[in-house]
Every structure is written in structure tokens, then in C-alpha cells.
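A quick write-up on the structure given underneath.
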Amino acid sequence: MDRKDFLVTIGKGAALAGLVYCVGCSPKNTDNPVAPSNVDVTLDLTLHANQPLNTIGGSVVNNGIVVGRVSQTSFVAVSAACTHQGTTVEFQLQQNQFFCPNHGSTYTLDGVVTQGPAQQSLTKYNTSLSGTNLRIYS
Ligand code: FES
């Protein structure tokens, strides 16, 4: 391979790498759903759909909010859409975080970004357990 062929090959590789980067991590993102505001939702923990919340470490997604059980008496709730490109984040109690499976952003249980590419925090909501009713509210 002479110098000219080498440079053409390198150029094609760089162009492909740039294309992959742009497709996966475009900084212009207009698809992010807006975090729910004025939230006041009550989840009945006796319903089948909410059964994961009866186990420590379990979670559900409801009305654009991820709710996770941290202990026997405490829960966390944040907006479900990753602030990078809107993928639903996952509750990971053992790592004390929310994780985005799309590009790997992580957030504290309060929704604060700890690893990008996301740069904005998730919206955190209050939780209150009364019997088998879990209230999530702004
Ligand atoms: S969508 Fe890209 S890190 Fe979540």
C-alpha cells in the first residue's frame, strides 16, 4: 500500500467513525420527552402491575416516572426519560443508581448525573407510603 492508498483508507475509516458517533450521540436532541410536572399519583401496591414494588430493589415505570423500593419503608421516584436522548432509565439499587442502557449515563438515586453523556439531572419526586398506597408527588 502506498502513501496515497493509506491516506484514502484512513479517511474512509475516519468518516465512518464520525458517522457512527453522530448517529449514536447527536448533541442536538429534540426527542427528549418533557419530565412530568405537577405529579400526584397513587400506586396501589396490591395491584399486579405494582407487585415489583413489594420487594426491596424492585421497580416499576408509571406515567413517565421510575419508582424503586430502597428499603422496607422508603422509595425513590424520578422522571423515567434519560436526559440525553429519552431512553427509559433503570433502577439499580445495588449500585445506588439509575442507569441508562442506551449510552450508559448514570444518575444518583436523587436523579443527579454521575456519568454522561447525559448532562442534566432527572426530575426527582417525593414519595409517601400509607398502608399499601404509595403516593408520588411533586
Ligand atoms: S439516551 Fe443516551 S445515555 Fe441515555
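Read the figures in this text as sums done on the coordinates, not as results from a lab. These figures come from a predicted structure and were not determined experimentally. All Cβ positions, even for glycine, are placed from backbone atoms using ideal geometry, and neighbour counts span all protein chains on display.
Couple of notes before you dig in:
- Segment residue 56..residue 95, full-extension length gain: 12.7 nm, with 0.36 nm per residue of separation and the alpha-carbon distance subtracted.
- By the count of other C-beta atoms within 10 Å, a proxy for reagent exposure, 48, 84, 103 are ordered fewest to most as 48, 103, 84.
- Among 137, 107, the order by Cβ neighbours within 10 angstrom, fewest to most, reads 137, 107.
- Peptides 128-134, 62-68 ranked from most to least packed give 62-68, 128-134, packing being the mean of other C-beta atoms within 10 angstrom over each peptide's residues.
- Per-residue Cβ neighbour rank within 10 angstrom, fewest leading, 99, 91, 75: 99, 75, 91
- Each label point was placed 7 Å from the Cα along the Cα-to-Cβ direction; for residue 114 and residue 126 their separation is 2.6 nm.
- Rg then Dmax, both in Å and based on the Cα atoms of the range 63-138: 12.1, 39.
- Length-normalised contact order for the range 40-137 - Cα pairs under 8 Å, 6+ apart - percent: 26
- Taking a sphere under 12 Å around the Cβ of residue 129 and counting the other residues whose Cβ falls inside, with K and R at +1 and D and E at -1, yields a net charge of +1.
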